[in-house]
Structure formats: structure tokens, C-alpha cells
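Down below is the structure, laid out as C-alpha cells.
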Amino acid sequence: MDISRLRVDGKRLRSSLEKMTEIGATPGGGVQRLALSDQDKQARDLFVQWLEEINLEWSTDEMGNIFGRRRGKKDDLPPVMSGSHIDSQPRGGRFDGILGVMGALEVLRTIHDRGVETERPIVIVDWTNEEGSRFAPAMVGSGVWAGKLERNWVYGRTDIQGKRFGEELARMGYQGELPARRWPVHAYYEYHIEQGPILEREGKTIGAPKGIVCLHWYDVYLEGTANQVGPTPMEGRNDALCAAAEMILKVNALPAKMGGHMVATVGEIQNEPNSRNIIPDRVHFTVDIRSWDDDLALRAWEDVRRDFESIARSRGCPIRIEETWRVEHASFDERLVKQVLNVAQMLGYSSHSMVSGAGHDASYMSQVAPTAMIFVPSIGGRSHVEVENTRWEDCEAGTNVLLHCILQSALEE
Ligand code: GLV
Ligand code: MN
Ligand code: MN
């Protein structure tokens, strides 16, 4: 068989993605499969059923990461690995994460159907809690597996209702006995939608990121003095929500102030008691700062942190800050990135070199194994929203690139 002529089945890929979309489908056309929720479990059950159908040995580790393994001729050699995540944002899109898992599954199905034998084993992976929207931080499955995050710290993280990660993982039934500890990996490929506007703007089908920006997450807690809004004069109030409002605008102004390529966002806020006629006395909000330049992101934080402290003082609202999570920027393996571009060219797809502004498990993976990603265009550059969309032809094209990247690496001795 001429391996270079092998192609995935685009219809089967679409059908798998559509079945996954049914799990946690939202009225607006997106999905909600928060990490460790019943929907996450249901999607995992279907995923492992599909792994069994192509005779993959699967296992789950103490972080709930799921691995499906296909034997190689030289089965002791470090495997080629590929996958992404099944969890989603609240009211998120149908492609983020799951495309990379269903894409890798389609690759394995294609190889299985044709009886292709590879030198190296191939491992498909679903990493637990990539999104970090229910339990912060993000990418914890790959982070613990790569030895960059502490398992017990992650187990102790809580969601907005106070539920603990460790208990929710056990409840879901996917907490395995295997230690979440890295093993040697020959090459890791993660296939994903771009989640931004560049490929569409450039009119290109395949994106080959050279790496991922740094991600720095902070949690800010403010205390005010609650009181009846009518009789309480404006002077002398300690309004925690007003303090937060001033701080949020400082975060929004940071990238312009610091220069360089940086984005800074407050995306989540809780206000208590959240009544129109009580002065707010407890506010929590998050800060997300990203840049290719890790030092710039750190300096930006030091700058805005000083602003936060002075606003807190002038509004009489004590502040507590948690420096929750930092992942340095990731530089992918140059040889593998070039391979993605070469494979795209071999298959006749246009391609583009870029940087990923979104976080991915590939970030932690790149710290422990040669890593590259394959992107396909997001329509209108929209992602983490229900209207997130990618053309089916592009989904198929990206999966063909993944197929040949995996095959080339898995045929290496
Ligand atoms: C992950 O989805 C991120 O970029 O926040
Ligand atoms: Mn993702
Ligand atoms: Mn995401």
C-alpha cells in the first residue's frame, strides 16, 4: 500500500463530532460539557466505547486523563501521541478540544481499517480539565502528567459551589489508579481550531503555530461594607463593586500602556450580596494576562497590582490577591512544526506560520516532549461561544495533516 495516498473519512469524522455535540448541547447551537460534570462523563463513556471498537487498550490515570494505545512493531519505543480535551467552556463551541480528540480517533480508525502497521505505538489522549472554567487553573491533566503541577493542589481546587476537584473526579468514575506521571514521548501533535481570525483573513487552510503565548491567571478578592443604598450617603461608602470596576478598567488599559503584544482580560466576576439595593461588600474577579514575552506579562502584573492596591486603599476596601497560575510561553519543536508545513504542502493545502494566543495542553507537553500543533480556520474568528464554527472540509483537511504527521513520526525507528 502506498501510505502517502491514505486519507481520513471526512463523513465519519463529522458524524463523530455531531454525536459528541449532542452531549451537553445548548439551545444556541453550542455545547456545555464542563470538566468533571455528568456531560463530561457521558462524552468520555462514548469515547472509550469508540476506542474499544478499534481494539485500543485504554487506561485512565489518577487525574482522569484517558489514554488509548495502539501497538507498534517495536512496541517498546516511545509512542507518538495525539489528542486534546473533551471538556468545554460554559455555553462553549462544538469544536474546541473535541475536534482534536475526534481527529486523532479518525486517524486511528483509518489506520485500523487499512491494517497499517507502524514501528512505534500510537497513543490517543483526552486530557482532563483543559478549560479551567469550572475548576481553575486550566490544563491541569497535562500539567500534573508533565510534572509541572502538584496533584494534591489540583485535587483541592473548588468550583463556584465549593465542590472539590478530587471529589468530583472520583464521583465521575474516571479516577484511575495509574500515577499521572510522564513517560517518554517521541512526538506529540495536537489538532485544534485556531480560535482567532488569522487563517480566515489570510485565506489559508492549515495553521502551524511556532508556539503558545504565556498564560498568567490571578484571583482578586475585595471586601466592602454592605448597607442599605437609600439612606447611606455617597461619601464614606466602601463599595467593593466600584473598587472592582476601577480595577477592571486598569486591566483593560494594560496592553496599550505596556506596549508589545499582550492581551489582558477580566472575564469572571462574583458580586455579593448581588442585590440592587445593598451596597456590595464582597467581590471576586479574575485577571488573565497573555504575551509571547513572559517578562512583559510579569511587569504588567506588577504595574496593575500597584494600581489595585492604591484603588483598594482609596475606596477603603481591603484586597486579597491570589497569584493562581503561570505557564511560560511555549516554543514548539522546530522539526515537527516544519513537518506540519511540509505535510500540508504534500497534501495540497495552503498553510501559514503563526503563534497561538489560546492555551492548549500542547503547552505543558512541549516542556517534556517534541510538540507541534495543527490549526484549522475558525469562521469569523469566533470561539468559546456557541456560534463557534469551522467548515467540515477544513476539519477533514486538518485531520489528513494529522494523519500524515502521526504516520511519519510513528514510522520513524
Ligand atoms: C483555553 O481555552 C484558553 O486559551 O483559555
Ligand atoms: Mn481547546
Ligand atoms: Mn478552550
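The values are calculated or read from the model by the stated rules, or taken from the named source; none is laboratory data. A quick note: this is a predicted structure, and the numbers were derived from the prediction, not measured. Don't worry about glycine lacking a Cβ; one is built from the backbone with ideal geometry, like all the others, and counts go over all protein chains shown.
The figures follow:
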| quantity | calculated |
| --- | --- |
| Any hit, the stretch 367-377, residues being at pLDDT 95 or above, in contact with a helix residue (DSSP H, G or I) (Cβ under 9 Å, 6 or more places away or on another chain), small (Gly, Ala, Ser) and surrounded by fewer than 19 Cβ atoms within 10 Å (Cβ to Cβ) | no |
| Hits in the stretch 231-281 - residues which are polar (S, T, N, Q) and under 25 Å from Gly132 (Cα atoms) | Asn252, Thr265, Gln270, Asn271, Asn274 |
| Filter result for Gly236 (assigned to a loop (DSSP other than H, G, I, E, B) and farther than 22 Å from Pro318 by Cβ) | no |
| Residues of the stretch 247-257 satisfying the condition of being closer than 16 Å to Asp295 by Cβ and surrounded by fewer than 20 Cβ atoms within 10 Å (Cβ to Cβ) | Pro255, Lys257 |
| Failed item, numbered, when Ala362 is tested on (1) crowded, with 21+ Cβ neighbours inside 10 Å; (2) of a type outside the set (Ser, Thr, Tyr); (3) not assigned by TED's automatic domain parsing to the domain that holds Ala397 | (3) |
| Of all residues making up the stretch 208-234, the number that are within 16 Å of ligand 1 (Cβ to nearest atom) and either over 29 Å from Ile379 (Cβ atoms) or not aromatic (Phe, Trp, Tyr) (or both) | 9 |
| Matching residues, the stretch 370-393, being assigned to a helix (DSSP H, G or I) and farther than 18 Å from Ala104 by Cα | Ile379, Gly380, Gly381 |
| Selected residue (only one of Ile406, Ile311 is assigned by TED's automatic domain parsing to the domain that holds Ala244 and either at pLDDT 95 or above or within 16 Å of ligand 3 (Cβ to nearest atom) (or both)) | Ile311 |
| Selection count where residues are away from ligand 1 (no atom under 16 Å from the Cβ) and either modelled with pLDDT under 95 or of a type outside the set (Phe, Trp, Tyr) (or both), scope the stretch 168-207 | 26 |
| Output for the stretch 72-90, where each listed residue is in contact (Cβ under 8 Å) with a residue 24 or more places away in the chain, under 23 Å from Thr371 (Cβ atoms) and away from ligand 1 (no atom under 16 Å from the Cβ) | Gly72, Lys74, Asp75, Leu77, Pro78, Pro79, Val80, Met81, Ser82 |
| Identity of the residue in the stretch 275-302, assigned to a loop (DSSP other than H, G, I, E, B) and of a type in the set (Asp, Glu), that ends up surrounded by the most Cβ atoms within 10 Å (Cβ to Cβ) | Asp281 |
| Checking Gly147 against (1) away from ligand 1 (no atom under 13 Å from the Cβ); (2) crowded, with 23+ Cβ neighbours inside 10 Å, the condition it does not meet | (2) |
| Residue that is nearest to Trp145 (Cα to Cα), among those in the stretch 37-93 that are among the aliphatic types (A, V, I, L, M) and not in a helix (DSSP H, G or I) | Met63 |
| Single residue of Gly100, Gly92, Gly83 found to be buried (at least 21 other Cβ atoms within 10 Å of the Cβ), under 18 Å from Glu57 (Cα atoms) and within 14 Å of ligand 2 (Cβ to nearest atom) | Gly83 |
| Ile198 vs. criteria of a type outside the set (Lys, Arg), closer than 30 Å to Ile66 by Cβ and buried (at least 17 other Cβ atoms within 10 Å of the Cβ) | no |
| Residue within the stretch 323-343 that is in a loop (DSSP other than H, G, I, E, B), closer than 24 Å to Thr205 by Cα and touching a helix residue (DSSP H, G or I) at 6+ places or on another chain (Cβ under 6 Å) present | yes |
| Of all residues making up the stretch 306-322, the number that are out of contact with any helix residue (DSSP H, G or I) (no Cβ under 9 Å at 6 or more places or on another chain) and without any contact (Cβ under 8 Å) to a residue 40 or more places away in the chain | 4 |
| Residues located in the stretch 184-202, provided they are part of a loop (DSSP other than H, G, I, E, B), in contact with a strand residue (DSSP E or B) (Cβ under 9 Å, 6 or more places away or on another chain) and under 20 Å from Val80 (Cα atoms) | Val185, His186 |
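Condition check ((1) under 26 Å from Val31 (Cβ atoms); (2) outside the structural domain of Ser59 (by TED's automatic domain parsing); (3) touching a residue at least 24 places away in the same chain (Cβ under 8 Å)) across all residues:
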residue	(1), (2), (3)
Val101	yes, no, yes
Val107	yes, no, yes
Thr128	yes, no, yes
Glu131	yes, no, yes
Arg134	yes, no, yes
Gly147	no, no, yes
Gly162	yes, no, no
Gly173	yes, no, yes
